[in-house]
Amino acid sequence: MSDVNPGPGYLVGGMPFEAATAIWERLWTSRYPLAADAFDDGVWRQTRAAAMTRQHVELHPKHVWGLIGVDVDHPDAVLRMVSTVDNHPPPNVIIENPVNGHAHAAWAITTPINLTNYGSRRSVRYGLSIEEALRRAVGGDPHYPARLIKNPFHPRWMTHFIHDNTSTLDRLGGILTPAGHMPGRGWHNQRRRTPVGHSRNETLFHGVRHFAYREMRHHWGDADGYRAAIAREVAIRNADFDTPLGVTELGHISTSITGLDHPLLPNVERRTRRLRQSIPSHPSRTRTKRIRTQRRTRRKQPTRRTCRKQPTRRTRAREGTARRVSVSPGGDG
């Protein structure tokens, strides 16, 4: 079989090209998507028209999750995805590589999930659980980051448009739960410990980042020792990969975690300085410093002009009576 199929007009199932285009335009909401032909040449953002000429396009925008994608690296990938009876809901689109039978599948969500800080964390976690259940149902690749998907209209792929209906997360979960594909509680932590992510660099960074939070408390005032501990942990975790990263990349990851301007982990010197300022070394020094601060504050305060309060009539009468009583009579009589 040739590596190039008859063209974008060849859609399995007999769906017209215009109808398939309308479905994809409605489900695919990326306005300025990432796209690439060969990943070695780089991935960059392009217009929708330019992206549709590439082999791979962005699955969904960065902050809105409207399509759940799964990658199946098996020769019978399409058969696994369409065998949905009592197993999983049918995907909206299946994009197959006709050379080896591997395919990508996408399920459209009725209400896209907001991935920003204003979205619901519960919805995001539920969506991740649904994605994991769909992957387990069809035997998908656990290392697939669901960032890019095969372009359904590129002539290299064979596209199967199944339907154009969207599904809610509850409907997907209602089908996947009885089939036994939904992950149990705590699976997010298990997933974090496994080397899964967009790349080995990201997996290593996030794994060591959580270690660095706990390690910082043991290196107050010892920035060099802290950096050495992080570099050692990076090297240990890197050895667990089948293909470890190079020394240069490990150095960049360590610097990113212990750097001066990293937003997730402020540097040790600044936090140590703040800790020393908040903890007094000796009570006498603290008292002396407080007295000096009070004196400095008093000097800066402007001199206030005070006015004597005028006495009231009752006060003047009381003072006059007391003055007459205190005066002794003159002479001996």
Convert each backbone phi in region 18-25 into a coupling constant with the Karplus relation 6.51 cos²θ - 1.76 cosθ + 1.60 (shift: θ = phi - 60°), then list the ³J(HN,Hα) values in order as whole Hz, x for Gly and Pro. 5, 5, 5, 4, 5, 5, 5, 5
Per residue and in cubic angstrom, what volume does the convex hull of the Cα atoms of region 44-134 have? 122
For region 220-231, take each phi angle, set θ = phi - 60°, evaluate the Karplus expression 6.51 cos²θ - 1.76 cosθ + 1.60, and give the result in whole Hz per residue in order, putting x for glycine and proline. 5, x, 10, 5, 5, x, 5, 5, 5, 5, 5, 5
Determine the per residue accessible area of region 75-164 with all protein chains present and a 1.4 angstrom probe, expressed in square angstrom. 43
Could you calculate the contour length gain from residue 168 to residue 44, that is, 0.36 nm times the residue separation minus the distance between their Cα atoms, to one decimal place in nm? 41.5 nm
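The values are calculated or read from the model by the stated rules, or taken from the named source; none is laboratory data. Worth saying up front: this structure is predicted, and the values here are computed from it rather than measured. Accessible surface areas use protein heavy atoms only, side chains included; no ligands, DNA or RNA. Shrake-Rupley method; radii C 1.70, N 1.55, O 1.52, S 1.80 Å.
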